[in-house]
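To start, the structure under review is shown below, and the notes come after it.
No lab work stands behind these numbers, since they all come straight from the coordinates. Everything numeric here is computed off the predicted structure, so don't read it as measured data. So basically every Cβ, Gly included, is an ideal-geometry build from the backbone, and we count neighbours across all protein chains shown.
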Amino acid sequence: MNETLTRPQPADAAAAATEHFDVLIVGAGISGVGGAYHLQQQCPGTSFVILENQASFGGTWRTHRYPGIRSDSDLYTFGYRFKPWTGAPIATAEEILRYMSEVIEENGIDRHIRYNHQIVSASWSSADRRWTVVAKRTDNEEVRTFTCGFLWMCQGYYRHEEGYTPEWKGMDRFEGRIVHPQTWPEDLDYTGKRVLVIGSGATAATIIPAMASKAAHVTMLQRSPTFFITGRNANELADLLRQLKVPEEWTHEIVRRKILHDQAIFARRSREEPEVVRKELLAGVRQYLGEDFDIGTHFSPRYRPWRQRVAFIPDGDLFQGVRSGKASVVTDEIDTFTEKGILLKSGKELEADIIVTATGFNLNVLGDVAFEVDGKPVDFAQTVGYLGTMFTGVPNMAWVFGYFRASWTLRADLIGDFVCRLLKHMEEKGATMVTPALRPEERNMELRPWVDPEDFNPGYLVRGMHLLPKQGDHEPWRHTQDYWSEKDDLPKVDLDDGALRFE
Ligand SMILES: Cc1cc2nc3c(=O)[nH]c(=O)nc-3n(C[C@H](O)[C@H](O)[C@H](O)COP(=O)(O)OP(=O)(O)OC[C@H]3O[C@@H](n4cnc5c(N)ncnc54)[C@H](O)[C@@H]3O)c2cc1C
């Protein structure tokens with residue numbers, strides 16, 4: 001990776017006075033870097049800066065360093081629409097970071113990023129028509145102030161410093177080591193150790209086969225199972241197009257369309273014939289585990305397919321680990337931690353040297369930044385989302401909240417187009433302030449949670465939903481999480497339908 005991309009900023013820059021930019025992007029993860037690209041392409045001449053808390057770019061792919069860390073969706077759709085992906089569909093964090101570093105270098109985005117800047121507050125002044133953003137430098141504790149006309153929040157949805165670990169009885173009794181995948185200790189040697197991984201999601205499914213080769217044994221302990229989809233880590237269509245020497249730009253676009261087409265069919269079938277889809281998914285698992293394995297208990301979830309993200313398991317590596325005896329799966333509940341491991345509610349005790357809590361994230365709302373509009377603190381739970389990206393009563397601000405079941409980046413690209421279109425529209429109108437506001441006839445509109453829990457309900461969202469903005473019961477106040485409708489609707493949204501107030 002190019003060192004200049006990660007170099008800390010010189011200390012004398014920190015001493016400079018308040019700097020002003022047209023647009024300030026928060027976060028240099030996949031969304032922030034994509035936002036910068038769109039801004040450069042679609043709004044040339046707009047001045048902007050990216051402020052990033054960490055010492056380098058990558059966000060999720062830099063924070064997570066556990067064994068085997070990889071994407072669980074394909075990179076043809078998780079990659080940007082504008083930069084061909086040329087590797088295997090499921091990629092390691094290192095490969096994703098390399099791809100991002102190319103985007104940054106090829107587009108000269110590096111000179112716009114300030115690392116080690118943690119944004120702590122953002123205050124909008126309607127009189128000055130600007131945000132004042134205060135950032136604390138994490139490398140030298142200095143406090144810097146920036147102003148901007150538009151704030152583009154690309155800070156993700158969870159707290160990067162620390163993952164979520166439930167409070168279990170007796171945790172302090174355990175004599176081994178407890179680690180969370182989000183804060184993986186560099187010195188953790190698990191060679192020959194008995195490892196117990198608590199969790200059933202994509203993270204657990206990745207860690208288990210990766211640790212199984214060196215550990216004495218890895219046990220996956222889950223309260224309830226998750227759906228997985230298995231297959232080769234290859235895309236036949238991409239391989240064929242490459243054999244035919246089709247240019248990579250075309251291959252990227254064609255393969256994206258094919259994957260998205262197949263996913264739309266999968267989503268529809270999961271709604272219309274969930275039991276058939278369930279059987280198909282379980283048959284994929286069965287082919288690795290054999291007829292005698294109790295798939296009903298360990299791999300058949302209570303929910304219907306697609307209600308939570310379906311993680312892709314390349315070459316069934318998790319199941320191969322179980323088949324070989326290097327890994328095993330236990331479906332039960334924790335009663336208490338003990339000195340030696342975990343006592344289950346069934347009365348069985350699992351012994352371990354290391355316990356990995358793959359139990360998820362702590363959702364945070366807009367990067368834990370303290371927001372104010374004209375001196376009043378903003379409580380995002382009291383706001384209503386406009387197109388799932390702006391918020392009532394909060395001017396000149398957009399948040400990139402991507403898709404969960406489709407790749408996150410598909411929405412980051414769509415919102416990139418939307419923000420650029422909005423900025424150009426403001427310029428044409430001579431407006432310096434745009435605020436979503438419910439129209440008079442919408443004041444009594446039924447308000448719903450930010451994400452419909454009937455439709456999608458992972459633990460971190462359920463735990464944090466009360467802190468998130470609301471959505472309405474019709475457009476443009478809905479947050480559908482549906483790429484297939486938004487890809488057509490978002491670019492055509494009427495900016496002058498009265499839901500946005502321009503001043
Ligand atoms: C292990 C893991 C695997 C995943 N795999 C997939 C996948 O395969 N496919 C998929 O679609 N999604 C996946 N996701 C979801 C993933 O988080 C998103 O897809 C995507 O990477 C999020 O990008 P982002 O840039 O929006 O946010 P993030 O990656 O969270 O990056 C946000 C950045 O903002 C910075 N930041 C936050 N707050 C502040 C602040 N106050 N001041 C300054 N900087 C701040 C952070 O340091 C970070 O660098 C995965 C998530 C995890 C945790």
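Could you work out how far the C-alpha centroid of region 464-478 sits from that of region 230-262, in angstrom?
36
What is the extension gain from residue 445 to residue 94, computed as 0.36 nm multiplied by their sequence separation minus the C-alpha to C-alpha distance, in nm to one decimal?
Stretched fully, the residue 445-residue 94 segment lengthens by 121.8 nm.
Evaluate the Kirkwood expression for the hydrodynamic radius of region 214-284, namely the inverse of the mean inverse distance over all pairs of different C-alpha atoms, and round to one decimal in Å.
15.3
Give the lysines reachable from residue 492 as a straight Cα distance under 28 Å; neighbours fewer than 8 places away on the same chain don't count.
83, 258, 424, 429, 470
Suppose every K and R has +1 on its Cβ and every D and E has -1 on its Cβ; what is the size of the dipole of region 172-251 about the Cα centre, in Debye to the nearest 20?
Using Cβ point charges on Lys, Arg, Asp and Glu, region 172-251 gives about 340 debye.
By a straight-distance test (C-alpha under 17 Å), which lysines pair with residue 214 as possible cross-link partners, with residues fewer than eight away in the same chain excluded?
Within reach: 193, 326.
Please work out the FRET efficiency for the pair residue 161 and residue 268, using the Cβ-Cβ distance as r and a Förster radius of 30 Å; give the result to the nearest 0.05.
Efficiency, rounded to the nearest 0.05: 0.15.
Taking the 0 to 90 degree range and rounding to the nearest ten, how far is the long axis of helix 248-272 tilted relative to the main principal axis of the chain, both from C-alpha atoms?
With both axes taken from Cα atoms, the answer is about 70 degrees.
Nothing charged except the Cβ atoms of Lys and Arg (+1) and of Asp and Glu (-1): what's the magnitude of the dipole of the chain about its Cα centre? Round to the nearest 20 debye.
Here the chain has a charge dipole of around 640 debye.
In degrees from 0 to 90, rounded to the nearest 10, what is the angle of the helix 202-212 Cα long axis to the longest principal axis of the chain?
For 202-212 against the chain, the angle is about 50 degrees.
Could you quote the convex hull projected area for the chain, Cα atoms only and averaged over all directions, in nm²?
25.2
Find how much the distance from residue 338 to residue 379 grows on full extension, using 0.36 nm per residue of separation minus their present alpha carbon separation; answer in nm with one decimal.
Extending this stretch completely gives an extra 10.6 nm.
For a Förster distance of 25 Å, can you work out the FRET efficiency between the beta-carbons of residue 466 and residue 345, rounded to the nearest 0.05?
Computed FRET efficiency for residue 466 and residue 345: 0.30.
Grab every C-alpha pair in region 154-207, bin the distances at 10 angstrom width from 0 up to the longest one, and report whole percents.
Using 10 Å bins, I get a P(r) of 16, 50, 28, 5, 0 for region 154-207.
Compute the angle between helix 408-429 and the longest alpha-carbon principal axis of the chain, please, reported from 0 to 90 degrees and rounded to the nearest 10.
10
Students often get this wrong: which residues of region 175-216 have the backbone nitrogen under 19 Å from the point 7 angstrom along Cα-to-C-beta of residue 138?
180-187
Could you tell me which of rounded, prolate or oblate describes region 82-239, using a ≥ b ≥ c as the square roots of the eigenvalues of the alpha-carbon gyration tensor, with rounded for a/c under 1.5 and, failing that, prolate when a/b is larger than b/c and oblate otherwise?
It comes out oblate by the Cα gyration axes.
If packing is taken as the mean number of other Cβ atoms within 10 Å per residue, what is the order of 234-245, 259-270, 67-78, highest first?
67-78, 259-270, 234-245
Taking the Cβ-Cβ separation of residue 294 and residue 452 as r and a Förster radius of 45 Å, what is the calculated FRET efficiency to the nearest 0.05?
Efficiency for this residue pair is about 0.85.
Please work out the C-alpha center-to-center distance from region 51-107 to region 127-143 and express it in whole Å.
The distance from the Cα centre of region 51-107 to that of region 127-143 comes to 28 Å.
Tell me, Kirkwood radius of region 22-172 from alpha-carbon pair distances, in Å?
Hydrodynamic radius (Kirkwood, Cα pairs) of region 22-172 is 16.9 Å.
Between residue 20 and residue 245, what is the spin-label point distance in nm, taking each point 7 Å from the Cα along the Cα→C-beta axis?
Output for this residue pair reads 5.5 nm.
Would you kindly give the portion of the calculated P(r) for region 189-339 that falls above 27 Å, as a percent of all Cα pairs?
Of the Cα pairs, 34 percent sit more than 27 Å apart.
What fraction of the Cα pairs in region 457-503, stated in percent, has a spacing above 13 angstrom?
70
For a test of the definition: using alpha carbon positions, the gyration tensor, and the 1.5 limit on a/c, classify region 373-503 as rounded, prolate or oblate.
oblate
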